[in-house]
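Asks: Below is a structure I'd like to ask you about.
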Amino acid sequence: MGEATIEPVRLPPAARIPKIVQGLGFVAAREKAVAALARRYGTPFTLNLPVFGKTVVISDPVLVKDLFTTSSDLVGRASNLGTVLGPGSTFSLDGDEHRQRRKLLVPPFHGKRMQGYEHIVEEEVMREIANWPQGEEFETLQPMMRITLNAILRAVFGAEGAEFDELRELLPHAVVLGSRLAVLPAIARRDLGPWSPGGRFASYRRRYDAVVQSLISDARADPEFAERNDVLSLMLQARYEDGERISDQHVADELLTLLTAGHETTATTLAWTVERLRRHPRLLARLTAEVDAGGSELRQATVWEVQRTRPVIDGTIRMTRKRIRLGKWVVPEGHAVVVSIGLAHSSEESFPDAKSFNPDRFVGAAPDNHSWIPFGGGVRRCIGAAFANMEMNVTLRTLLREFEFGTTYARGERHHSRGVATAPARGGRAVVYRRSAGSSRKSTSGAQRASA
Ligand code: HEM
C-alpha cells in the first residue's frame, strides 16, 4: 500500500514455536508447514526464520495486491537465486538496474512474440515423443525437461549449433545442483574442492562460461548480427541509459538465468498436467475433442487450473527497505514478506471448492492477477510467463493430437521438492497409445489401475 514511517509497527500473529523448529519445518516441508500454520493462526501470520529473521506470510489477494504494487523504493529483492546465478542475473539486480534489464528482456518474451516460437515447441515435442513407448507406464518429467530445455535454448540463442549438445548435457546437472544450493545457507555454496557441492557447481559454471563465450564470439562475428533478434543478440546489442553495454560476464549470468528459470518450472508443470489428466478421464476426452475441433479454451483453462492446484513454486519473497503498510498491518524495515502461492491458491473465498481440480472454473473467466499468482507479480513478475503458457499450451495440444492417454484410478502423485520447483514424486507417469496407429481405445473407458 505504501510507506508508513510514523505508524506504530503492527505485525500479524506470530507463531509461538522456537525459531529453530520453525526453520527446520520450513526447510523440510515448506508447503505443509505453511498450511499447518495458516490453519493454526489464520492468515497472515509472522514467522521467525534462521536465515530471513522475522518473516510475514501473506496470501489474501488484497494484501498480495498491496505488496505487488508497493514501490520498489520500499520493498526490494530477497531471492537467493542470484547468489547461484551470478551478479549479472535479473535475480541479483534491484532498483534502476533491475528496471533497465527488464525493459531489455520484456520484448522477446512479450505475448505478441509467442506465435513465432510455437513451431519450435511443436518440433521439440515431436522429436521427443518419437520414441515414447506404447502401453507401458513411464515418467514424463525427464522428457518434458528435454522439450522445455531445447525450446528455451533455441529461443535464447536463435539457432542450433554444436555447442548446444554441451549445454544440453551440462544444464540439467547444473540445475539440479543449483536448485538445491539456492535454498541452503551460503556456507554450503562455497567451493571446497572438486567433490564439494560448491566445487562441482563451480566446475559446471566454468564449462558453461566457455560455451557461452564462444557463442557470444560467433554472434558478434555473424555478418547478420545487427538484424538478429534472438535474446543473446539483443543483450549484446543493448546499451544502458548511459551508453554502457552489458558486460559479457553479465550476459552469461542472465542467459543462465533464462535457461534455468525457464525450463524446470515449465517441465514440472507439464508433468503435473499429465498426472492430473490421467485422473480426470472425462476432462481428457473433452480436451481431445476440442483439439480435434481446433479449439483451445478448455485447454487454456486446464493449464491455469493445473498451475492453481499444483503451483511448482510455492512462494515469492520481498524484503522491506522501509516501514510499509499492508492492509491493517505495518511491517518494519528489514523484514521479509513471503507471498504463499500455495495458500493463495487454496483459498475457498477466491476459488470455491478449492480442493477440486476443475478447469471449468476458468472457462470464460480468466484468473484474477492477485488471487491466481503462479508467476508472482508486480515489477518482479516472471518474465517468461507468456512463453511458459505458450509452451504448455502447444505441448498439451500436440500430445493430445498424437496420443490417447491411459487413465487411472490410482491416487494422485505426492509432491516432491527439487529445491526450487516442486514435481510429482513419481515423475508424472503416463501410459500412451498412438492415435495415428488406429487405436480404437476410448480415453474415457480405458481407465486402468496404475501399477503400485
Ligand atoms: C510454468 C513456468 C514458470 C513458473 C511457474 C515461473 C514462476 C516464477 C516466479 C514465481 C517468479 C518470481 C516472481 C516474483 O517474485 O513475483 C519468477 C521469476 C522469473 N522467471 Fe519464471 N516461471 C516460469 C517460467 C519461466 C520462463 C519460461 C522463463 C524464461 C523465459 C522465466 C524467467 C524468469 C525470470 C528471469 C524471473 C525473474 C524476474 C525478476 O526478478 O524480475 N520463468 N518465475
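Values quoted throughout were computed directly from the atomic coordinates according to the rules given, and no laboratory measurement underlies them. Just so we're clear, the structure is a prediction, and the values are computed from it rather than from any experiment. Using ideal geometry, Cβ is built from the backbone for each residue, glycine included, and neighbour counts are taken over all protein chains shown.
Asks: Work out how much length Leu234 to His280 would gain on full extension: take 0.36 nm times their residue separation and subtract the Cα-Cα distance, in nm to one decimal.
Replies: Stretched fully, the Leu234-His280 segment lengthens by 12.3 nm.
Asks: Could you please tell me the mean projected area of the C-alpha convex hull for the stretch 85-129, averaged over all directions and given in square nanometres to one decimal?
Replies: The number I arrive at for the stretch 85-129 is 4.5 nm².
Asks: Using 0.36 nm per residue, how much length does the chain from Glu122 to Arg207 gain when fully extended, once their Cα-Cα distance is taken away?
Replies: Net length gain for the segment: 27.7 nm.
Asks: Could you tell me the calculated FRET efficiency between Glu297 and Leu11, based on Cβ-Cβ distance and R0 = 45 angstrom, to the nearest 0.05?
Replies: The calculated FRET efficiency here is 0.55.
Asks: Sticking with this one: Restricting everything to alpha-carbon atoms, can you work out Rg to Rh for the stretch 71-221 with a Kirkwood hydrodynamic radius?
Replies: 1.00
Asks: Which chymotrypsin sites (Phe, Trp or Tyr not before Pro) does the stretch 124-212 hold that lie in a coil by DSSP with at most 11 other beta carbons within 10 Å?
Replies: Within the stretch 124-212, the qualifying chymotrypsin sites (Phe, Trp or Tyr not before Pro) (loop, at most 11 other Cβ atoms within 10 Å) are Trp195.
Asks: For every helix of n ≥ 4 consecutive DSSP H residues, a contribution of -39,500 (n - 2.57) applies; sum these over the chain, divide by its total residues, and give [θ] at 222 nm rounded to the nearest 500 deg cm²/dmol.
Replies: One gets -14500 deg cm²/dmol as the mean residue ellipticity at 222 nm.
Asks: Go through the stretch 358-422 and name the chymotrypsin sites (Phe, Trp or Tyr not before Pro) that are in a DSSP coil and have 13 or fewer other Cβ atoms within 10 Å of their Cβ.
Replies: Those that pass, being in a loop and sparsely packed, are Tyr409.
Asks: Given the convex hull over the Cα atoms of the stretch 23-151, what projected area results after averaging over all orientations, in nm²?
Replies: 12.5
Asks: Here are some pairs, Lys322/Lys355; Lys32/Lys65; Lys54/Lys328; Lys328/Lys355; Lys65/Lys355; which of them have Cα atoms lying more than 27 Å apart in this structure?
Replies: Violating the 27 Å limit, Cα to Cα: Lys322/Lys355; Lys328/Lys355.
Asks: For the stretch 162-244, what is the convex hull volume of its Cα atoms per residue in Å³?
Replies: About 142 Å³ per residue, rounded to a whole number.
Asks: List the GluC sites (Glu not before Pro) within the stretch 195-277 that DSSP assigns to loop and that have no more than 13 neighbouring Cβ atoms inside 10 Å.
Replies: Glu224, Glu241, Glu244
Asks: Indicate the gyration tensor shape class of the stretch 337-426 (rounded, prolate or oblate), computed on the Cα atoms with a ≥ b ≥ c the square roots of the eigenvalues: a/c under 1.5 is rounded; otherwise a/b larger than b/c is prolate and the rest oblate.
Replies: Here the stretch 337-426 falls in the rounded category.
Asks: Please state the Cα pair-distance histogram of the stretch 303-347 with 10 angstrom bins from zero: what percent is in each bin?
Replies: P(r) for the stretch 303-347, in whole percents per bin: 25, 40, 25, 10.
Asks: While we're here: Would you calculate the separation in nanometres between label points at Arg190 and Glu139, each defined as 7 Å from the Cα along the Cα-to-beta-carbon direction?
Replies: 3.3
Asks: Hey, what does the equivalent ellipsoid look like for the chain, semi-axes from the Cα gyration tensor as sqrt of 5 times each eigenvalue, largest first, whole Å?
Replies: Gyration-tensor ellipsoid for the chain: 34, 30, 21 Å.
Asks: If I model a spin label as a point 7 Å beyond the Cα along the Cα-Cβ vector, how far apart are those points for Glu333 and Glu97 in nm?
Replies: Result: 2.1 nm between the two label points.
Asks: With a sphere of radius 10 Å drawn around the Cβ of Asp66, what net charge do the other residues whose Cβ falls strictly inside it have (Lys, Arg +1; Asp, Glu -1)?
Replies: +1
Asks: When the chain is fully extended, how far beyond the present Cα-Cα distance does Ala226 get from Val62, taking 0.36 nm per residue of separation?
Replies: Between Ala226 and Val62, full extension yields 54.5 nm more.
Asks: Net charge around Leu259, counting only other residues with Cβ within less than 12 Å of its Cβ (Lys, Arg = +1; Asp, Glu = -1)?
Replies: Surrounding charge for Leu259 is -1.
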